[in-house]
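First the structure, in the form of structure tokens, and then the observations on it.
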Amino acid sequence: MTENNNLPATTASALPTTGEGASAREFVTMVIDNQIFGIPVLQVQDVLGPQKITRVPLAPREVAGSLNLRGRIVTAIDVRTRLGLPAREDRERSMSVVVDHSGEFYSLIVDQVGEVMGLPVSDYEKTPATLDERWREISDGVYRLKESLLIVLDVKRLLRLEELTAA
């Protein structure tokens, strides 16, 4: 992955040293509304720039549509909408992180994709109770960085769209 110089300064400088022999987890970082999120690197299939997305009639609000990824139809999820955030004004500059969930590919539309960040397992914390309820629902935990918080996304819970539409 390439480094994105448009990320908040905290991302590049926030990587704590893991030291020799320390157990670490690696995450693909992304930014949504100036908040840093991470997905375990082994769940990420691809990172895409802006894509042409075809709207799907009667789909839940979180489903932005579908896109063609090398001949495979991929469902595009607007993570901003899923998190209850306002729509991004400049949609042409958004990026996507493609993940595999139960044999299906999903494109998670985010504001920016950052770098791969290795963080010590010992620094992992449970999701704080003070985090917004929608965000807690899709969070697997957090890492306190030097100047910000990295929220670890639970892809399985993030993609529970059928439960949302039934509610």
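Observations on the structure shown:
- Near V98, the amide H atoms lying under 5 Å from its own belong to Q45, D46, V47, L48, L108; only residues 5 or more places off or on other chains count, and H is placed 1.01 Å from N.
- Sequence of L108, L159 once ranked by neighbouring C-beta atoms within 10 Å, starting from the fewest: L159, L108
- For segment 32-132, the fraction of C-alpha pairs more than 23 angstrom apart is 30%.
- Fewest neighbouring Cβ atoms within 10 Å first, the residues S148, S139 line up as S148, S139.
- Calculated from backbone phi, Karplus (6.51, -1.76, 1.60) coupling profile of segment 42-52 in Hz, x at Gly/Pro: 6, 8, 8, 8, 6, 10, 10, x, x, 10, 7
- Sorting I109, I36, I73 from the fewest to the most surrounding beta carbons within 10 angstrom yields I73, I36, I109.
Only the coordinates and a few stated rules stand behind these numbers; no lab work does. Everything numeric here is computed off the predicted structure, so don't read it as measured data. Cβ atoms come from the backbone with ideal geometry, glycine included; neighbour counts cover every protein chain shown.
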